[in-house]
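First the structure, in the form of structure tokens, and then the observations on it.
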Amino acid sequence: MSAVNILGIAGSLITLIALFEMLRRHRLREKYALIWFVIAVGVFVVALFPVLLQRATTLLGLQVPANLLFFIASLVLLILTLQHSYELGRVEERTRTLAEEVALLRLELERATRDADHQPPDPTRG
Amino acid sequence: MQAMPGPSTSVRVLVIVPAWNEQDSVGATVREIRETNPDVDILVVDDGSGDDTVERAAAAGAEVCRLPFNLGVGGAMRTGYRYALRHGYDVAVQIDADGQHDPRYLPTLIAGLDDADIVIGARFARTGDPYVVRGPRRWAMVLLARVLSRLSRTRLTDVTSGFRASDKRAIAVFASHYPAEYLGDTVESLVIAVRTGCRVTQVPVDMRSRSAGQPSSSPVRSAVYLLRAVVALGLALVRRWEESFDEGTTRASITTPEPSVPG
């Protein structure tokens, strides 16, 4: 077993352990954990059976397996970052809506308090 | 404040004043609006100011709505439109806190709503106007005006003007969709309005120079402005809104009825 394989196996195992630990401590949501889990398992399988990568390389007509690996890796990272940007945008938009609602509610509350202060005491109430 | 059974004929007008760190001008702006238009209600939306904007606006007699942090003009305006919708106002008018918009034109804008859903107070180009612009910034404004004129089938010359009046229909649209992005608050919101079936028109008004600050005229900034204008416009034209609400918004949150007052 070559050094590259050992590095790949170690890396994927560390990732899997970290994922498990983060999930256990409620530091990661399942929907994000899933994609990382798939990636870690993929790396593990390729590290264990490098012949899979070589076959895929010949199948696609590429010369160097490492090129295929780097291409896939960059593509995966690109998509993940894009997804995070999307999620961030959604969260920002929701935060904006919440901020607006908070502002409106605060105004209503202040007004209600003000009205209550200015009204003469209601004799029908105790 | 409930609808005052005032002498004015049933049309309830809300003036929305978005303000961010405008302590030096907001008080005067609010007082001037009250003096020139005593029948309107004024809502100052404080966009996370760090100065005395809130205190001075309240002291001048406006209702003040405080955003917990800065959202930009778009956020402040959507807050205002939601307030207008929930309290059943017939007309909402945006007037900037910097004193640029002359509230004496308010009745003119509101009168324009007879044949339109949105009336823009357009800067009247004349000699000696402190707002004469050239170069890329000018091209951006011309491009925006041309495209929006074609879209709305009327002649619009100053689409980046924030001085505008909206009727109930436009208020409902803006309460659910009002972009927070730069230029989105003026340009994209107009595209949204037109594409959801609102009629837009403009009336000429005189703008005053701002109490503080001038639009930058450095060539780089102007070029950036042109680029952002093109991007904002392009996105506005290809986006869809008709069926959707802005993120975090539901039909119920838009149509929440006015809270009933006990007693």
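Filter the stretch A:67-119 down to the residues that are more than 26 Å from the chain's Cα centre (by Cα), more than 10 Å from every other protein chain (Cβ to nearest Cβ) and either surrounded by 12 or more Cβ atoms within 10 Å (Cβ to Cβ) or in contact (Cβ under 8 Å) with a residue 12 or more places away in the chain (or both) and list them by number.
A:Asn67
Is at least one residue of the stretch B:104-122 more than 10 Å from chain A (Cβ to nearest Cβ), at pLDDT below 95, surrounded by 22 or more Cβ atoms within 10 Å (Cβ to Cβ) and within 19 Å of B:Trp20 (Cβ to Cβ)?
No: zero hits.
Can you find even one residue in the stretch B:127-144 that is under 19 Å from B:Met77 (Cα atoms), at pLDDT 85 or above and either of a type in the set (A, V, I, L, M) or crowded, with 18+ Cβ neighbours inside 10 Å (or both)?
No, every residue in the stretch B:127-144 fails to be under 19 Å from B:Met77 (Cα atoms), at pLDDT 85 or above and either of a type in the set (A, V, I, L, M) or crowded, with 18+ Cβ neighbours inside 10 Å (or both).
Exactly one of (1) at pLDDT below 90; (2) away from every other protein chain (no Cβ under 14 Å) is unmet by A:Pro123. Its number?
Result: A:Pro123 fails condition (2) only.
What about B:Asp90, is it crowded, with 18+ Cβ neighbours inside 10 Å and modelled with pLDDT of 90 or more?
no
Does the stretch B:42-96 hold any residues that are at the interface with chain A (Cβ under 10 Å from one of its Cβ atoms) and at positive phi, and which are they?
B:Gly48, B:Gly72
The values are calculated or read from the model by the stated rules, or taken from the named source; none is laboratory data. The structure presented is a predicted model; accordingly, all values stated were derived computationally and were not measured. All Cβ positions, even for glycine, are placed from backbone atoms using ideal geometry, and neighbour counts span all protein chains on display.
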